[in-house]
Structures are given as C-alpha cells and as structure tokens.
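The values are calculated or read from the model by the stated rules, or taken from the named source; none is laboratory data. The model shown is predicted, which means the values in this text are computed figures rather than measured ones. When we count neighbours, we look across all protein chains shown, and the Cβ atoms used for this are built from the backbone with ideal geometry, even at glycine. Side chains are part of the model used for accessible areas, which takes the heavy atoms of the whole protein and leaves out ligands, DNA and RNA. Shrake-Rupley method; radii C 1.70, N 1.55, O 1.52, S 1.80 Å.
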Amino acid sequence: METLMGKTALITGITGQDGSYLAELLLNKGYVVHGIKRRSSSFNTSRIDDVLPDWHDREARLFLHFADLSDSTSLIRLLYRLQPDEIYHLGAQSHVLVSFEIPEYTGDITALGTVRLLEAIRETRIKTKFYQASSSEMFGKAVETPQRETTPFRPCSPYGCSKLYAYWTTANYRQGYGLFACNGILFNHESPRRGETFVSRKITRAVTRIRAGLQQRLYLGNLDAKRDWGYAPEYVDAMWRMMQLDEPDDFVVATGETHTVREFVQIAFDYVGLDWEKYVEIDPKYFRPNEIEILEGDASKAERVFGWRPKVKLQELVKLMVDADAKLLADQIKGRLARQTSSRE
C-alpha cells in the first residue's frame, strides 16, 4: 500500500508507545502529523523527542497542540483549525489494573473521550477518517479461543468496559452518520517504549537492574495469565493499513500465539544467564479483582483484507526489550558518573 503525499493526520496519545511509533511511520510516508498533548507541569515527550522539530525548522511536519479528551471545546477548536485527513484516537487511561482504582476517570477519558472526539467530527463537519484503538481486554472471559471479530465481548475491568463503550460508539457513528470509522482490536503489543508500570517492561527493566546489582527482587501478580504478545511498530502499521481501505471495518490485530507471564519472565532471565526463580516473588496486590486467564487473537481477517501479518514473535521481542533496557541503564550510569566527575572538578 502507498499513500498520497501531503496528507494530514491527528494523533491523540501521541506521547505514548503506539503514538510515537505511529508518528514516525506517518512522517516516513510523507504526512504532516499533529499530536494532542495534555497541559502538565512536566514534559512527557521523551518517546517523540527524536522526531520533534526545532522551533525554527520551516520544513517541520510534526506539531503538538494542547487539548484534552475531557474538554469538548478544545477538540472542536483543534479540528476546525487542522482539518485532518485521518484521526488516530489512541489517547486513553490505558492501564488495566489502575482502572480498578480510578474507574470514574477511566470511563470519562477512555469511553466519553471517544464520544467527545466523534461529536467534534460531526460538529465541524470535516471529511476525515477515524481510527479507534480498541482492545483485546473487551473480550475478557472469552467464550471462545482464539478471539476474532465475531467473538462476543465480556469485559472484566473498568478499562475493558470503557473500551467496549468506545468500540460500540465508533460502530454506531459509522452506521448512523456515515463516518469512515474503524476499530482496531489490538492484542497486547510491547516494545522498549512500553511504560515501566506495564508487566512486560517491568520484567525487562528489572532483569537488567538485577544483573547490575541495583535491584534484589521482582514482584509480580498472576504468572499463569496467558497473553498474545506482539511488537508495537508492527501493530501501528496495521492501524495505518486499515485506514487506507475504501470502506471502514473492524479488525483483530494479534500474533495468534499465546504465552504465560511465567514464560515471558523465564525468557528474559535466561537471556542474561539468571535463574528467575531466585528473584521473582508473588505479591497479591498485583492481582486484578477480576482476572482474565487467556487472550489469544485470530488476525486472519486483517491478513485477508489488507495483507497484514506479524513477524516478531515473543522470543525476539523479549530479547530486544532486554537489550534496550540494558543500554538505557548503561547510559544512565555513565551519565551519573559524568555528573559526579564534573561536580568534583
């Protein structure tokens, strides 16, 4: 698939894992990319710092704007100004365990934030394509394995319920108002840019710190939970591909393989020559109130319709994440030593 030069895209959640990879992908395809960021007392652009333009760059094609999914006015104003050809809605309160602690906020941002954005499209009457980042968490305690587009949804968390609300809202705006609106039902996808509180990154980061003698234990929850883990840069490619179709539809994006958290842990520790059982302990606080035992996706529809297939499997994924965290730790130690040397001079 090729894209026309000069398209404009808007990404919510651009400073997150998926948003940063998607921004890079779109820039490489010739897009002008706009991202939404929330006003905060601290900067949170580390994932996209490498592609952010200099303030005086006249040929810049990446721009950030202050807006918020809780504020309809800011969204409407931004769409009027930008008139984007494509909108990728990735912004959300996206941590499942945290959603049990702040269910109301999760619903307001993850569910109603999607309504506000879709209503902003209707209000401004812009001609655009809309992508909704749906989640495998909507399947919850699934009635069949693997899960596909026709599998009934049974969410087991405030996050899953909020994503399901957003999913059906997107489908209803497509059917009721004729919007080009599609849902990408993405299963777990990881990378070195994954947030440190997510279990995959928590594991790979701990492995490097334990090997360096900076951490003694890794505390985890349910090691028997089975997940379908893919590589984030490949998944944002699937997002873009479904937005290039002539007709909108909904697609599962997954590897079709399932592995336990225990397997993930063992691969990571084996890679650095450590026995994981000597360092990993179970902490009940990391168990969800309503556990999902297995999520495994069937992405055959995505392969059939727009030719998407995953390439990076779990072994390779874990190793590249460990390597990245090892380099990050080495750079941090080197920087700390340099600062100490400088302060003594």
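Summary of computed values
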read-out	value
³J(HN,Hα) computed for each position of the range 318-335 - Karplus, 6.51 cos²θ - 1.76 cosθ + 1.60, integer Hz, glycine/proline x	4, 5, 5, 6, 5, 4, 5, 5, 5, 5, 4, 5, 4, 5, 5, 5, 4, x
Extension gain (nm, one decimal) between ARG304 and ASP249, 0.36 nm per residue minus Cα-Cα	18.5 nm
For the range 192-337, diffusion coefficient by Stokes-Einstein and Kirkwood Rh (Cα), 25 °C, 0.890 mPa s, µm²/s	146
Selected from PHE264, LEU328, PHE251, residue furthest toward positive end of dipole (the range 238-345; charges at beta carbon)	LEU328
Per-peptide average of other Cβ atoms within 10 Å, ordering 321-327, 241-247, 333-339 highest first	321-327, 241-247, 333-339
Note, ³J(HN,Hα) from phi for the range 117-132, Karplus 6.51, -1.76, 1.60, rounded to Hz, x at Gly and Pro	6, 5, 5, 5, 4, 5, 5, 7, 6, 6, 8, 8, 10, 10, 10, 9
Ranked by how many other beta carbons lie within 10 Å on average, peptides 143-152, 28-37 from highest	28-37, 143-152
Karplus 3J(HN,Hα) series, Hz, for the range 262-271 with 6.51 cos²θ - 1.76 cosθ + 1.60 (x for Gly, Pro)	4, 4, 4, 4, 4, 4, 5, 5, 4, 4
Relative packing of 294-304, 249-259, which averages over residues the other C-beta atoms within 10 Å, highest first	249-259, 294-304
Charge dipole magnitude, Cβ of K and R +1, D and E -1 - the chain, Cα centre, debye nearest 20	720
Accessible surface, the chain, averaged per residue in Å² (probe 1.4 Å)	49
Filtered trypsin sites (Lys or Arg not before Pro), the range 86-147: DSSP coil and at most 15 other beta carbons within 10 Å	ARG125, LYS127, LYS141
Dipole moment magnitude, nearest 20 debye, the range 222-284 about Cα centre, only Lys, Arg, Asp, Glu C-beta charged	200
Lys, Arg +1 and Asp, Glu -1 on Cβ, resulting dipole of the range 176-304 about Cα centre, debye, nearest 20	780
Portion, in percent, of the accessible area of the range 145-197 that falls on carbon or sulfur, probe 1.4 Å	51
Dipole of the chain, positive direction: furthest Cα of VAL312, TYR177, ILE109, with charges on the beta-carbon	ILE109
Rounded percent of accessible protein surface that carbon and sulfur make up, the range 239-323, 1.4 Å probe	43
Diffusion coefficient, µm² s⁻¹, Stokes-Einstein with Kirkwood Rh over alpha-carbon pairs of the range 89-167 at 20 °C and 1.002 mPa s	162
